[in-house]
1. Helix-only mean residue ellipticity at 222 nm, the chain, DSSP H runs n ≥ 4 weighted -39,500 (n - 2.57), per residue, nearest 500. What is it?
2. GNM, the chain, Cα, under 10 Å: largest mean-square fluctuation among GLY134, GLY262, GLY216?
3. Listing TRP158, TRP214 from the residue with the fewest other Cβ atoms within 10 Å to the one with the most, what is the order?
4. Using R₀ = 30 Å, calculate the FRET efficiency as 1/(1 + (r/R₀)^6) where r is the Cβ-Cβ separation of GLN104 and SER147; round to 0.05.
5. Gaussian network model of the chain, Cα springs within a sub-10 Å range: biggest mean-square fluctuation belongs to which of ARG127, ARG44, ARG184?
6. Taking the highest mean first, how do the peptides 64-71, 118-125 order by number of other beta carbon atoms within 10 angstrom per residue?
7. Could you line up ASP115, ASP162 from fewest to most neighbouring Cβ atoms inside 10 Å?
8. Which aspartates and glutamates, on any chain, are close to LYS9 with Cα under 14 Å apart, when same-chain ones fewer than 8 places away are left out?
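Please treat every number below as a calculation from the coordinates, not as lab data. Remember, it's a predicted structure, so these values are computed and weren't measured experimentally. In this analysis, Cβ positions are derived from the backbone assuming ideal geometry, glycine residues included, and neighbour counts consider all displayed protein chains.
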Amino acid sequence: MGQSAEFGKFLKVMRARLSPEDAGSQESSGARRVPGLRREEVARLSGVSTDYYTRLEQGRNIHPSKAVLDSVARALRLDAGEHAHMMDLLEHCASSAGNPGPAQKVRPGLRQLLDAVGDVPAMVLGRRADVLAGNQMAHLLFTDFPSLPAAERNLTRWIILDPSAGQLFRDWKTVAAEAVGALRMDVGRHPNDPRTNQLVGELAVHSEHFRQWWAGHRVASRSAGTVRLHHPIVGDLELNFETLSLPDDPDQMLRVYSAKPGSPSSDALTLLSLGDVGTKAKDREPARRDGS
């Protein structure tokens, strides 16, 4: 499917989620056969003709100006991440992709940095949230990614399919939905990537939650926040995370988790780092989350 078609599908889903009241439009007469705004309503709010907006949504080969796209984004109430994703879908045509590209590599100096901050969990994430590297604390907190087959060393895959992730994240649905949203943004920047398509297919086959979130075209780009965990060894933790893009490779990100000094979560991280207490976490049997 061409990327122009994906662009049109995105607009349609974003239109369907809005009511006339949400978009500040007057309720028109007549029964609505489909949810959300009508095309003519989005066109009017965007300041373009209905025919022009219809061609946009149908993925026609047209070249809208930035001003028009900004107007459409405002009409559809897109947030910053959704707006960026819309631009990616339009900019990156299907012919610009189709091969996986070179394997991503982590610079030796970055690996040294991961070890240097060994008292806090840290990892390097690549395309589609592949776990390219991590320190021992990250593996003890989440799972031992290096021990997994290469194709399974992916944070999103682990969150969605491994039951231990569902037990670890106290707000699993929120975390998982955001991971899916980040994967959607990656697809917009790198259309038709074979490895991404394989991952999406696997997740769609095995997870009903994933199928629902993917169909909703949700995007997410949260670079910082808080995550609540229930670790099988050290109990409850509340950690802050920061995700930093690396200037030499914008498709690599450094993610670091930390706890407030002197807090119970800080004590739990310290306990996790001591001796072999964390090795029990490696004994959690990997398995797929069921699709319920």
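1. Details: 13 runs with 129 residues, N = 292.
The helix contribution divided over the chain gives -13000 deg cm²/dmol.
2. In the Gaussian network model the winner is GLY262.
3. Numbers: TRP158 22, TRP214 18.
Going from least to most buried by this count: TRP214, TRP158.
4. Values: r = 20 Å, r/R0 = 0.66.
Once rounded, the FRET efficiency stands at 0.95.
5. Judging by the Gaussian network model, the answer is ARG44.
6. On the way: 64-71: 13.6, 118-125: 20.2.
Ranking, from highest mean packing down: 118-125, 64-71.
7. Numbers: ASP115 11, ASP162 21.
So the residues, fewest neighbours to most, are ASP115, ASP162.
8. Excluding near neighbours in sequence, the set is GLU57, GLU82, ASP88.
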